[in-house]
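Have a look at the structure below, then the notes.
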Amino acid sequence: MQITALETDLLRFPPGKPFADAIHNFGAESGGVVLRLHTDAGITGWAYSSFGMIAGGPSVVQTILEQEIKPLLIGKDPAFPKRLRAELWKATEYQGVAGLGQFAIAAADIAVWDILGKAAGLPVYKILGAYADRVPAYSMCGWYFEGDGDLSQFKRAVAAAFEEGFPAVKIKVGRAPLDDDIRRIEAALAMAGKERRVMVDANQAFNLNEAIRRGRVYQQLGCYWYEEPMPPYDHVAYAELARELDIPIATGENEYTKYAYADLIARHGVDIVQPDNRRSGGVSEWMEIAAIAAGFGLDVASHGGGATNVHMLLAMPNAIYVESGSLKGEPSTLEELHMRDGRILAPELPGMGSELRPDFIRQHKVG
Ligand SMILES: [Mg+2]
């Protein structure tokens with residue numbers, strides 16, 4: 001089999017209701033890049049890279065795919081994903097294998113694995129080496145909302161996630177003084193009761209001293225994990241934080257490549273490893289990161305949801321959670337994900353099951 005063509009679409013979404021975490025404001029600019037790799041076997045591999053808040057990011061990734069990656073992939077056999085990865089890293093060395101360059105490499109890798117699943121007639125988790133056919137889900141629902149001083153919107157969002165059947169919710173902290181965090185955590189825990197879990201995510205808001213000070217309170221309150229309290233690059237600070245606290249430290253969504261994770265993990269700076277399939281480097285790299293975590297006895301939970309993350313988690317014995325938004329409403333993909341008893345069921349179509357609906361692309365395509 002040979003890759004014969006590479007196509008991309010740039011998507012742009014209209015501004016929606018504003019929401020925020022400790023350091024990011026969402027709801028204004030967002031978009032994405034769709035990648036399709038065609039083959040001489042008549043199989044097309046898909047990948048979709050979405051951007052929650054960067055206006056120019058998708059077009060940069062599109063340019064890297066079209067101008068740097070396309071010439072390299074045409075004529076190549078998609079049955080060698082790790083060789084292709086090595087060649088893409090080498091070819092894009094000048095801009096580096098981090099940042100938006102890695103988003104593009106990751107999209108190519110994901111599309112290649114989609115081709116391999118389709119060629120085998122199997123959902124990707126089965127060609128990766130399946131461990132489970134369902135994975136526990138948690139809902140990222142506890143955002144900061146505008147004009148929400150009484151937390152009524154926050155409480156509605158948490159209640160809706162529990163009503164939908166999620167066994168755990170994640171809430172944002174760290175945007176305001178600790179008293180405000182406590183108010184949010186207590187409200188969520190009151191709704192969770194004893195059976196369900198609440199995770200907190202501070203999105204890099206703190207320095208080490210503040211991360212320790214607030215972390216002691218979060219663990220005392222009974223939060224399940226404490227996510228990305230400090231800038232991700234400071235692995236020494238993460239190691240110190242993890243030593244100081246008993247609550248599991250979750251981080252990784254802003255790390256690029258297995259080398260960054262290997263350093264963080266070797267320093268014991270993380271308990272729950274959270275690779276993002278765009279930044280970490282696609283399926284090939286993500287699976288190796290999860291394996292490094294397994295070798296250190298650490299759990300893995302995806303940053304982000306959707307079919308690609310579900311497939312990879314289903315192939316790892318140390319996977320504990322897939323992150324998710326609500327599964328209600330019309331999906332953007334042809335194959336829908338379903339949750340039963342708080343677990344997301346394995347996608348069963350051959351490939352990745354993440355092909356976007358044609359009408360969704362038509363509606364949001366730029367140009
Ligand atoms: Mg996070």
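The values are calculated or read from the model by the stated rules, or taken from the named source; none is laboratory data. Remember, it's a predicted structure, so these values are computed and weren't measured experimentally. Heads up, the Cβs are rebuilt from the backbone with ideal geometry, glycines too, and the neighbour counts pull from every protein chain shown.
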Qualifying residues in the stretch 79-108 (those that are surrounded by fewer than 24 Cβ atoms within 10 Å (Cβ to Cβ) and closer than 18 Å to residue 43 by Cβ) - the one nearest to the chain's Cα centre (by Cα): 81
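Quickly run through the stretch 252-268 and pick out the residues that are β-branched (Val, Ile, Thr) and touching a Lys or Arg at 6+ places or on another chain (Cβ under 6 Å).
none
Going by the conditions given, is residue 162 over 18 Å from residue 305 (Cα atoms), without any contact (Cβ under 8 Å) to a residue 40 or more places away in the chain, aromatic (Phe, Trp, Tyr) and more than 16 Å from the ligand (Cβ to nearest atom)?
When the stated conditions are applied, residue 162 does not pass them.
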Can you tell me which of (1) in a strand (DSSP E or B); (2) without any contact (Cβ under 8 Å) to a residue 12 or more places away in the chain is the one residue 321 doesn't meet? (2)
Can you find a residue that is touching a residue at least 12 places away in the same chain (Cβ under 8 Å) and among the polar types (S, T, N, Q) anywhere in the stretch 67-75? no
Do any residues in the stretch 195-207 that are in contact (Cβ under 8 Å) with a residue 24 or more places away in the chain and farther than 12 Å from residue 169 by Cα have Cβ atoms under 8 Å from those of residues that are within 9 Å of the ligand (Cβ to nearest atom) and outside any strand (DSSP E or B), where the two are at least six apart or on different chains, and which pairs are they? 202/228; 203/21; 203/228; 204/228; 204/254
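Using the structure shown, decide if residue 107 is on the phi < 0 side of the Ramachandran plot and more than 16 Å from the ligand (Cβ to nearest atom).
The answer is yes for residue 107.
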Which of (1) within 16 Å of the ligand (Cβ to nearest atom); (2) buried (at least 19 other Cβ atoms within 10 Å of the Cβ); (3) of a type outside the set (A, V, I, L, M) is the odd one out, the single condition residue 284 does not satisfy? (1)
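Each row is one residue, and each column tells you yes or no for (1) modelled with pLDDT under 95; (2) under 30 Å from residue 290 (Cα atoms); (3) out of contact with any strand residue (DSSP E or B) (no Cβ under 6 Å at 6 or more places or on another chain).
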position	(1), (2), (3)
113	no, yes, yes
118	no, yes, no
122	no, yes, yes
125	no, yes, yes
145	no, no, no
153	no, no, no
Just the residues that are aliphatic (A, V, I, L, M) and under 30 Å from residue 314 (Cα atoms), please, taken from the stretch 132-161. 132, 135, 137, 140, 157, 158, 159, 160, 161
